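Worksheet: the structure to be examined is printed underneath.
Nothing in this text is a laboratory measurement; each read-out follows from the coordinates by a stated rule. All figures in this text were calculated on a predicted structure; none of them were measured in a lab. All Cβ positions, even for glycine, are placed from backbone atoms using ideal geometry, and neighbour counts span all protein chains on display.
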Amino acid sequence: MRLLLPTPLLSILLTLILPTLTLSSPSPQLVSEDLIHLLPHHVLFLRQLNDLQTFSGNLGGVPASPITNSGDSKRPFEVDGSTFTDFKSAAQRSCDNQSNGCSKAANANGGSKGGLKVQDCDKQKQDCNSAQSNAKVQDFNTAVQSQNIGPDPQFPDFDLICEA
């Protein structure tokens, strides 16, 4: 035997429940490109990162490999085609790959490419690992909040938006 709620009672319940659900789970506003101009200018959005690699050093012209989303929920982190279950392992691989490329560059031309030494690459690897262990965002579910720091001094019609 199925018990159905009367329509007036059902509409009252929905009226009470839906606002609670929408207020209790804040999420970034999603607006299509053709409607974005209708939003007030003071609205800031959260955005998700596509690359979790935060280290910017690149001795020998070798940047750290990007840490991207593989699309596999069990192994979400991808570095140079290899997938990982956790951020720490992916970050380690990214820094290792950079260090290997840097060492190859240092060993090219008889071991000195513009004064670059393998020891410099080892130091950079430590810096890379440190940057990754201190990264604010270490997953693809955390959004990066932006902060409006005010008008651009050179272009006052535009505001400067920075990641907080």
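Report the extension gain between Asp159 and Ser82 in nm, rounded to one decimal, defined as 0.36 nm multiplied by the number of residues separating them, less their alpha carbon distance.
Going from the current span to full extension adds 23.8 nm.
Measure up Lys88/Lys123; Lys88/Lys136; Lys104/Lys136; Lys104/Lys125 against 24 Å on the Cα-Cα distance and list the ones that go over.
Lys104/Lys136
If each residue of separation counts as 0.36 nm, what is the full-extension length gain between Ser146 and Ser89 once their alpha-carbon separation is subtracted?
The Ser146-Ser89 span can extend by a further 17.7 nm.
Just to be sure I understand the model, the point goes 7 Å from the Cα along the line to the Cβ. What's the resulting Lys74 to Lys136 distance in nm?
3.4 nm
Calculate, in nm to one decimal, what Ser11 and Lys123 gain on full extension: separation in residues at 0.36 nm each, minus their alpha carbon distance.
Extending this stretch completely gives an extra 33.8 nm.
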